[in-house]
Amino acid sequence: QVQVMESGGGVAQPGGSLRLSCAASGSFFCIWVMALHRQAPGKQRELVARVTSDGNTYYLDSVKGRFTISSDSGKNSWFLQMNSLKPEDTAVYYCVAEATMTKGEIPYDYWGQGTQVTVSS
């Protein structure tokens, strides 16, 4: 099993910054993808950013140039630095680890409980 926890949410003013931290623990073979998704009230959940085990990154178009995802694979941790925050970034953010328990297994997504990010003046 993989347990995923996130921290660092909170309230920021427009133009401000927040940093989200994610950590995975448990017994697993490999975390192939470390990601963050978000869900705003009344909207569908969306992938915000992800980083693969070989360092490839993806960003949602609306956060490109403002958010940066990084990882520390040795500590099974990843981070989302969010700068120039906008009110539309307000959402619950979820850390997700795509991991396998054994070699050759199909990866499975493990989700954290979510952390609220509110951008408001």
Inset, instruction - Taking a cut-off of 17 Å between Cα atoms, list the lysines near LYS43, but don't count ones fewer than 8 places away on the same chain. - result: LYS86
Inset, instruction - Give, rounded to the nearest 20 debye, the magnitude of the charge dipole that the stretch 58-121 has about its Cα centre when Lys and Arg contribute +1 at Cβ and Asp and Glu contribute -1 at Cβ. - result: 180
Legend entry - Probe 1.4 Å, accessible area per residue of the chain, Å²: 54
Inset, instruction - Post the alpha-carbon centroid distance, the stretch 25-52 to the stretch 82-121, in whole angstrom. - result: 4
Legend entry - For the chain, the Rg and Dmax computed from alpha carbons only, in angstrom: 14.1, 49
Inset, instruction - Please work through the chain and write down the cysteines that have no neighbouring cysteine Cβ at a distance under 4.7 Å. - result: CYS30
Legend entry - Amide hydrogen neighbours beyond the local backbone of CYS30, cut-off 5 Å, H modeled: THR100
Inset, instruction - Please work out how much accessible surface ILE106 shows to a 1.4 Å probe, ignoring ligands, DNA and RNA, in Å² rounded to 10. - result: 140
Legend entry - Reduced Cα scattering model of the stretch 78-121, Debye log10 I(q)/I(0), q = 0.21, 0.31 Å⁻¹: -0.77, -1.12
Inset, instruction - Using a 1.4 Å probe over the heavy atoms of the protein chains, calculate the carbon and sulfur portion of the accessible area of the stretch 3-89 as a whole percent. - result: 48
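The values are calculated or read from the model by the stated rules, or taken from the named source; none is laboratory data. Not measured: the values here are computed from a predicted model. We place every Cβ from the backbone using ideal geometry, glycine too, and count neighbours over all the protein chains shown. The area values use the complete protein model at the heavy-atom level, side chains included, leaving out ligands, DNA and RNA. Shrake-Rupley method; radii C 1.70, N 1.55, O 1.52, S 1.80 Å.
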